[in-house]
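Everything on this sheet refers to the single structure shown next.
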Amino acid sequence: LRSYLRDEGSRLRRLRRFYEKVQALHQDPEASVDNPLLAFSLIKRLHSDWPNIIHSDEAASNTQALHAGLREVEQELPGPEDLAGAARALMRLQDVYALSVPGLASGLFQGAGGQPALYSPGRRAPLSADDCFHVGKVAYDTGDYYHSIAWLEEAVSLFRLSYGSWNVEDRSSLEDALDHLAFSYFMAGNVSRALSLSMEFLRYDPSNQRVSRNVAKYKKLLEKGGGCGAPPPLSPLHALLGPFPPQPAPERLPHLSCSYETNSSPYLLLQPAKKEMVRIQPYVALYHDFITDAEAETIKGLAGPWLQRSVVASGEKQQKAEYRISKSAWLKDTADPVVRALEKRMAAVTGLDLRPPYAEYLQVVNYGLGGHYEPHFDHATSMKSPLYRMKSGNRIATIMIYLSAVEAGGSTAFIYANFSVPVVKNAALFWWNLRRNGNGDGDTLHAGCPVLAGDKWVANKWIHEHGQEFRRPCSADPRD
């Protein structure tokens, strides 16, 4: 595009010089075609120079070069799935963090109802009317009228402010936004609002027969007394979870502490692990400065070329799912000395056997725009789970290493236990998935909160039951 603008700029400058030469011949009111030199110049400009300018293929060749450049990189550009995914990510952030849509459109991460901003970017990136329309259209196309109403209302407001001006990059208009917003309100049960928006649409496009029929339909419905002011639709998150119960006061946790741990391992004698106990039940510990910046960058670099859309276990298969938005790759300990050293460090800190097949390969995950993972257990809850194909039992424990910092969001939330652990760069989070009796610990239900701002990288290590019999023995109490 930069090359195209440069070449077109040169062409237009030459065109302006020609225009100024012709114009100069006519500027002198005393000039007369009686002057043979002036007459010759005018005749030549109009006979040969002017057609040469008009029929020049320079503009076409510049455009062809631009199109050829686009074709070279087209495979690397985002596709429709990426764009729709980015729109859904904005809606997810809107729901989870209760963000105001007008605030987001103006570039602010403002809480709904005047709450303080959750994140203040150094450079605001406001959305255009066309941007807001596209987010609303993604929701509209899936029948999600809660989100389509919020985003299309903002699109309509912004289009009204700039009505009559046109941007070459826009693919929608005020009429488009009014049309989709009116139908969204109709589907949500608010016929009176749908009617007023349709009437506004007809002021701009009075010949539109479809909208005229809709207006007649809405008037008949209102005459019958239906849809005068239906309550706004519930957000998908609210519909899924129901009203949030009042949270109890935070309990006092007197047994939590920080310590330097060697775990009776010679490996940790010179550099003990910095352990912070986060919770006793479920047992969750955070090891600070578990890896170095250089090690984190190496692991991200090794995984980068192999990243693919993450899958989740579903019965006996693995499949992509909307509730896990991330890309992941698997690294063997033979991939690099850094991975091998990290495996030894994890074994030393946990006291568990991480040799194959007692543990899975290191999984490196990148959560991008709005990346999240809805509530789930790491351990298998069905004997048909693919996890049992390793023939080494269920996942007894999880180590999750934060390879990057994020500016906002991205915490690991333990749902039933009612606490969360923020992203702490280079720290490792450890918890037991199974009780000593082998049953799954229900308190380990956890989720990866959406990334509000930043780029979240983690590395997961899942350790299995077999091989740990004498490292984490059963208790004398079968309930443990």
For a protection proxy built on the mean count of beta-carbon atoms within 10 angstrom, sort 63-71, 430-438, 365-373 highest first, please.
365-373, 430-438, 63-71
Förster radius 22 Å - calculated FRET efficiency between Tyr267 and Arg340, Cβ distance, rounded to 0.05:
0.95
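Mind giving me the FRET efficiency for Lys219 and Ala112? R0 is 41 Å, r the Cβ-Cβ distance, nearest 0.05 is fine. Mind dumping the intermediate values first?
Values: r = 34 Å, r/R0 = 0.82.
Between Lys219 and Ala112 the formula returns 0.75.
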Spin-label model distance (nm) - Trp330 vs Leu161, 7 Å beyond Cα toward Cβ:
5.0
Could you rank the peptides 276-286, 446-456, 42-52 by their average count of other C-beta atoms within 10 Å per residue, with the highest value first?
446-456, 276-286, 42-52
So for region 137-205, using the alpha carbon gyration tensor with a ≥ b ≥ c as root eigenvalues (a/c under 1.5 gives rounded; past that, a/b versus b/c decides prolate or oblate), I'd call it oblate
Ignoring ligands and nucleic acids, what accessible area does Ile415 show with a 1.4 Å probe (Å², nearest 10)?
70
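Express the Stokes-Einstein translational diffusion coefficient of region 80-224 in µm² s⁻¹, to the nearest whole number, given a Kirkwood radius over alpha-carbon pairs, 37 °C and a viscosity of 0.692 mPa s.
Details: Rh = 16.0 Å.
Taking Rh from Cα pairs, D becomes 205 µm²/s.
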In angstroms, what radius of gyration and Dmax does region 258-464 have, counting Cα atoms only?
16.0, 45
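Fully extended, how many nm does the chain gain between Ala65 and Thr142 (0.36 nm per residue separation, minus their Cα-Cα distance)?
Numbers: separation 77, 0.36 × 77 = 27.72 nm, distance 3.84 nm.
Length gained between Ala65 and Thr142: 23.9 nm.
Provide Rg over Rh for region 20-140; use the alpha carbon set for both Rg and the Kirkwood Rh (inverse mean inverse pair distance). Please list the in-between numbers first.
Details: Rg = 28.2 Å, Rh = 20.3 Å.
Checking Rg against Rh, the ratio lands at 1.39.
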Projecting the Cα atoms of Tyr97, Pro375, Gly136 onto the charge dipole of the chain, where Lys and Arg contribute +1 and Asp and Glu -1 at Cβ, the residue farthest towards the positive end is Pro375
Where a label projected 7 Å from the Cα of Glu169 along Cα→Cβ would reach, residues of region 1-20 with amide N under 14 Å
1-2
Residue by residue, what Karplus-based ³J(HN,Hα) values in Hz, rounded to whole numbers, does region 465-472 have, using 6.51, -1.76 and 1.60 with θ = phi - 60° and x for Gly and Pro?
5, 5, x, 10, 4, 9, 8, 9
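What does the extension gain come out to for Ser259 and Ala98, with contour length at 0.36 nm per residue minus their alpha carbon separation?
Stretched out fully, the Ser259 to Ala98 stretch lengthens by 54.3 nm.
What accessible area per residue, rounded to a whole number of Å², is obtained for the chain using a probe radius of 1.4 Å?
Ligands and nucleic acids excluded, the figure is 58 Å² per residue.
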Of all the accessible heavy-atom surface of the chain, with the other protein chains kept in place and a 1.4 Å probe, what percent is carbon and sulfur?
56
Which whole-Hz couplings ³J(HN,Hα) result when phi for each residue of region 5-15 is put into the Karplus expression 6.51 cos²θ - 1.76 cosθ + 1.60, θ = phi - 60°, listed in order with x for Gly and Pro?
4, 5, 5, 5, x, 5, 4, 5, 5, 5, 5
Full-extension gain in nm, Tyr204 to Arg124, via 0.36 nm per residue minus C-alpha separation
25.5 nm
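The values are calculated or read from the model by the stated rules, or taken from the named source; none is laboratory data. Because the structure is predicted, anything quoted here is derived from the model rather than measured. Note that each Cβ is placed from the backbone with ideal geometry, even for glycine, and that neighbours are counted across all protein chains shown. Ligands, DNA and RNA are excluded from the accessible area calculation, which covers all protein heavy atoms including side chains. Shrake-Rupley method; radii C 1.70, N 1.55, O 1.52, S 1.80 Å.
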